[in-house]
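Below you'll find the structure, written out as structure tokens, and then a few comments.
Please treat every number below as a calculation from the coordinates, not as lab data. A quick note: this is a predicted structure, and the numbers were derived from the prediction, not measured. Ideal geometry is used to build each Cβ from the backbone, glycine not excepted, and the neighbour counts take in all protein chains shown.
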Amino acid sequence: MHKKNNINKLAVGSTVTVCREAARPKQLVRAASVKQEFLIISTKWVRMSKKKGTGLCSMAEEAIKLGENKSKFIDKVKEHLPDGGNLNLCLTCGACSSGCPATGLADMDPRKFLRMAALGMDEEIKKSPWPWLCTMCQRCIYVCPMKINIPQLVYYARQLTPREDRPKGILGSCDVALRSDTCSAMGATEEDFQFVVEDVLEEVQAEQPGWEDLQAPINKKGSYFYLNQNSREPVTEADEMIPLWKILHKVDADWTYGTKGWAAENYCMFLADDEAWEHITRVKAKAVEDLGCKVWLNTE
Amino acid sequence: MFAFRSGLQKYNVEHNFEVKSIIHYYAQWIKEGKLQVNSDWNKDLQIKFTVQDPCQLVRKSFGDPVAEDLRFVVKSVVGDENFIDMVPNRSNNFCCGGGGGFLQAGYPEERHAYGKIKLNQILKTGATYAITPCHNCHAQIHDLSDHYKAGYHTVHLWTLIALSMGILGENEREYLGPDLAEVNLPE
């Protein structure tokens, strides 16, 4: 099939089959939907021959080869999401990819990822590290005119990797959090937390003038706020809790920590482990309910 | 917070409490006069600050209203003229690359490449300090400054609130630079 023919090289009187829209003088090129036969009438001009519409243009036939791997993955994800996450509404405009910091990492971008899923390229998706390089920040769906839930597609793509083979750092943090009711990904126990809080508090009360009556209540039933804390503070930089306590003291807030469920982080969501994520959520919710608090207050 | 809030919804966990961000209350307490912050300490110093809108707090949870609360608090604390916003911002902000488990995923090179957009946004503001009200943002933006030798400092919001009230102790200044090590110390 002729893809690019210079008319000068074709013999007058011969015919050539090309895509119809390419039938311009001098050059018989480019794609179209229908191929046609042309008669070379001079080295500058062609004329349509009487044989018309001899089939689809060859370029369209060659574009994509999908093979037999009919998608299962994207269909499963659609079942999990309201309106199927709009996953079949992509206009390929590229707004997602142009504003995504993960575009270009692992030779991927959000639009390409969605196209691959739509084309049923499940094995290629499974092999790509990209779902772990996307933070599921939701900027893509925020700018998408069709509100396509690419972040959830990424979430479920993480599940294509067997749990034990998912990134060790995330896996380990989730597993540690599952070990105790503190939900601490750094493994801080109920006793550890209480000890650190009380220790830091006593130090401030003793050493900082004017803060003798500073409080950091633990398990105080009926408090309005249940304050949670990222494990980083009690475990690695306990002094960072002090400004927070001082602020709460100045506004006379009615607050408490809980020895159960105090850790704010949740790596089980990042691990895309639904069972574990749900467990962590339920432990934390119960901790707030058991103390009868009105607001779960996040420090972020 | 996003994990907890969306987990409650996703798994239909019955509960009788609300999920809130302290940023919302900081703004409310300042407006009510309970939290008496002011920016006098920075009147002459004119130290510049920018702020990172955490995706999980703004775009993924409470939207632009909490981004406004955040700006109100920051401006009250550092002074209007000393706050420089990144562009784009609020719900349209770029993720810094600290979320989604990226910090623990074992792809530091890719994470640094991802963070370049954020790094350049911060550098363009010319700010000496990037305020990061989220732990993952704090870790990533701090690491970006180290990795690219960008020179800006990364600081929690509570540090600046306490600083502005003159109640920030000397051991509570881990993330402040030498320029703020002794500013507004309690007597």
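Of B:Asn93, B:Asn38, B:Asn171, which is the most mobile in a GNM of chain B whose springs link Cα atoms less than 10 angstrom apart? Taking springs between Cα atoms under 10 Å, the residue moving most is B:Asn171. Here the spin labels are modelled as points 7 Å beyond Cα on the Cα-Cβ line, and at B:Tyr148 and A:Ala11 they lie 6.4 nm apart.
Can you bin chain B into rounded, prolate or oblate? Criterion: square roots of the alpha carbon gyration tensor eigenvalues sorted a ≥ b ≥ c, rounded for a/c under 1.5, prolate for a/b above b/c, oblate for the rest. Kindly include the intermediate steps, with their values, before the conclusion.
Numbers: a/c = 1.79, a/b = 1.15, b/c = 1.55.
Note, shape of chain B comes out oblate.
Among the chymotrypsin sites (Phe, Trp or Tyr not before Pro) within the range B:1-110, those in coil by DSSP and having at most 15 neighbouring Cβ atoms inside 10 Å are B:Tyr11.
Taking B:Val19, B:Val74, B:Val37 in turn, the Gaussian network model of chain B (Cα-Cα springs below 10 Å) assigns the largest fluctuation to B:Val19.
Sparsely packed loop sites in the range A:102-188 (the trypsin sites (Lys or Arg not before Pro) outside DSSP H, G, I, E and B with at most 14 other Cβ atoms within 10 Å) comprise A:Lys147. Just to be sure I understand the model, the point goes 7 Å from the Cα along the line to the Cβ. What's the resulting A:His249 to A:Glu212 distance in nm? Label-label distance for A:His249 and A:Glu212, simple model: 1.2 nm. Scaled against the 2.2 N^0.38 Å expected of a compact globular protein of N residues, the Cα radius of gyration of the range A:168-297 reads 1.07.
Dividing the alpha-carbon radius of gyration of the range B:107-183 by the rule-of-thumb value 2.2 N^0.38 Å gives 1.15. Taking other residues whose beta carbon is less than 12 angstrom from the beta carbon of B:Cys137, and scoring Lys, Arg as +1 and Asp, Glu as -1, yields -2. Relative contact order of the range A:168-297: 36 percent, from C-alpha pairs under 8 Å at least 6 residues apart in sequence. Highest GNM mean-square fluctuation among B:Asp69, B:Asp85, B:Asp146, for chain B modelled with Cα contacts below 10 Å: B:Asp146. Here the range A:73-161 is treated as a sphere whose radius is the Kirkwood value from Cα pairs; by Stokes-Einstein at 4 °C and 1.567 mPa s it diffuses with a coefficient of 103 µm²/s. Can you tell me how the range B:8-88 classifies by the Cα gyration tensor, rounded, prolate or oblate, using a/c under 1.5 as the rounded cut? Oblate.
Label positions at A:Lys294 and A:Arg179, each projected 7 Å from the Cα along the C-beta direction, are separated by 3.8 nm.
Label the protein assembly as shown by shape, choosing from rounded, prolate and oblate, from the square roots a ≥ b ≥ c of the eigenvalues of the Cα gyration tensor; if a/c is under 1.5 it is rounded, and otherwise prolate applies when a/b is larger than b/c, oblate when it is not. Don't skip to the end; give the middle numbers.
Working: a/c = 3.21, a/b = 2.12, b/c = 1.51.
It comes out prolate by the Cα gyration axes.
With a Förster radius of 60 Å applied to the beta-carbon distance between A:Lys72 and B:Asp80, the computed FRET efficiency rounds to 0.60. With a 10 Å cut-off around each Cβ of B:103-114, the average count of Cβ atoms from other chains is 6.
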